[in-house]
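Notes to accompany the following structure.
We did not get these values from a lab; they are worked out from the coordinates using the rules stated. Computed from a predicted model, the values in this text were never measured in an experiment. In this analysis, Cβ positions are derived from the backbone assuming ideal geometry, glycine residues included, and neighbour counts consider all displayed protein chains.
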Amino acid sequence: MPRIAQRYRRLVFLTWFLTLDLIMFGAFVRLTDSGLGCPDWPGCYGQFSPVGAATQIRDAFEAMPHGPVSFTKAWIEMAHRYIGALLGMLIIAISWLAWRHRRTLGHSPALAIATLAAVCLQGAFGAWTVTMKLMPLIVTSHLLGGMILLSMMTWLAAREKRHAAVRPQEIRWRPWALGGLLLLFVQVALGGWVSTNYAALACMDFPTCHGQWVPPMDLSSGFSLLRALGELPSGEVISQDALTGIHWVHRNFALLVFIWLGALATRLRNSAALGAPARLILALLAAQLFTGLTTIFFEWPLVIAVLHNGGAAGLVLACTTLCARLFHVSKGVVHDDTQPAFSKPAAAIPRLDQAPGHATGRVLCRDRHVPGHTGAA
């Protein structure tokens with residue numbers, strides 16, 4: 001492997017890992033009410049760090065001891081911004097390398113550049129989260145954008161990792177995997193809406209809600225988008241029925257996601273190429289059920305709530321990996337009914353000038369490591 005390809009691969013995996021960490025830390029920021037720990041952006045009261053803003057933070061804390069500003073919350077918020085800035089710089093480096101060395105890397109730079117655009121948009125949503133005082137629509141969009149960014153980074157990483165061959169009969173699961181990923185993003189958005197509206201404890205029993213399968217709800221108010229935190233569009237305080245509706249929809253849509261992904265992962269769990277992400281999906285679904293119920297019965301403990309957010313990120317990661325493998329993005333994978341690409345001798349891999357029906361199989365991915373192989377069919 002050329003040295004530049006090794007550097008690019010390491011950079012992609014480092015950035016992917018940091019993206020996952022940042023999502024977990026973002027959940028910690030939200031759940032500790034630290035989003036307004038520094039009520040301006042990008043600095044803290046115009047300073048680079050809370051150290052320079054000590055006087056302003058102290059004054060705000062003395063004026064409102066239980067308010068959104070404290071030294072601890074300021075440091076939590078600024079640490080999140082520092083990590084986000086580092087992530088942005090790493091993605092800039094990935095995009096530059098992907099464009100500058102696109103022939104050596106053997107990939108189009110389009111996904112890397114789209115990821116750069118996504119992280120810039122995430123930065124904008126981060127600023128709007130602060131300047132618009134935790135408006136639920138903005139905060140939920142920020143969370144969903146983070147998950148989409150993680151999905152894009154996972155796809156980039158999947159292109160750099162080899163795996164066993166996907167068999168032709170497994171290709172039919174593509175629409176099911178994509179459908180599951182789409183449903184998962186909808187559920188993430190619903191979960192973000194629950195979190196940003198502080199509706200996690202709106203139903204304190206399970207599987208019923210307030211002792212009823214369909215409790216009194218105000219869905220139109222609960223899902224009104226253009227409103228401030230804790231308020232209705234009219235300016236009135238949001239009602240308990242509205243919060244109940246938010247929680248109830250998230251809980252019941254989770255059942256659909258659980259059935260869809262659980263059935264798909266069960267079907268693919270013994271596949272050589274798809275078994276690992278499928279088994280991870282099954283494990284994470286069980287973990288999400290556990291952390292979700294624990295959040296209700298133990299009244300939203302911080303560690304469990306963060307783990308619930310992390311489980312959602314893990315599901316996005318696993319589902320994206322499943323989709324990536326089904327769409328043949330890994331390097332050097334020969335798709336046939338017998339064995340993985342990396343176990344085949346170079347002579348067994350057909351060149352582009354050979355007949356399409358060559359008995360050794362079809363090369364669907366570019367592999368620059370195989371001598372004589374010139375591209376993808």
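Highest-first packing order for the peptide set 30-38, 118-126, 206-214, 48-56 is 30-38, 118-126, 48-56, 206-214, based on the mean count of other beta carbon atoms within 10 Å. Say each of residue 167 and residue 51 gets a label point 7 Å from the Cα, pointing the same way as Cα to Cβ; how far apart are those two points in nm? Inter-label distance under the simple model: 6.1 nm.
Between residue 100 and residue 85, the simple label model (points 7 Å from Cα in the Cβ direction) yields a spacing of 2.3 nm. Each peptide in 240-246, 100-106 was scored by the mean count of other Cβ atoms within 10 Å over its residues; highest first, the order is 240-246, 100-106. Between the beta carbons of residue 92 and residue 260, assuming R0 = 25 Å, the FRET efficiency works out to 0.10 to the nearest 0.05.
Working from Cα pairs under 8 Å separated by at least six residues, relative contact order for segment 172-317 is 25 percent.
Amide H to amide H distances under 5 Å link residue 231 with 238, where only residues 5 or more positions off or on other chains count and H is placed in the peptide plane. In plain terms, the chain from residue 21 to residue 283 could stretch by 92.4 nm, reckoned as 0.36 nm per residue minus the Cα-Cα distance.
Centre-to-centre separation between the Cα atoms of segment 184-252 and those of segment 84-162: 30 Å.
Short-range pairs are left out: with C-alpha atoms under 8 Å and at least six residues apart, the relative contact order of the chain is 18 percent. The packing ranking, built from the mean of other Cβ atoms within 10 Å per residue, places the peptides 225-235, 17-27 in the order 17-27, 225-235, highest first. Here the sum of -39500 (n - 2.57) over DSSP H runs of 4 or more residues, divided by the residues of the chain, equals -20500 deg cm²/dmol at 222 nm, to the nearest 500. To the nearest 10 degrees, how steeply does helix 110-131 sit against the main Cα axis of the chain, on a 0 to 90 scale? For helix 110-131, the angle is close to 0 degrees. Here segment 1-83 is treated as a Stokes sphere of Kirkwood radius computed over C-alpha pairs; at 37 °C and 0.692 mPa s its diffusion coefficient rounds to 231 µm²/s.
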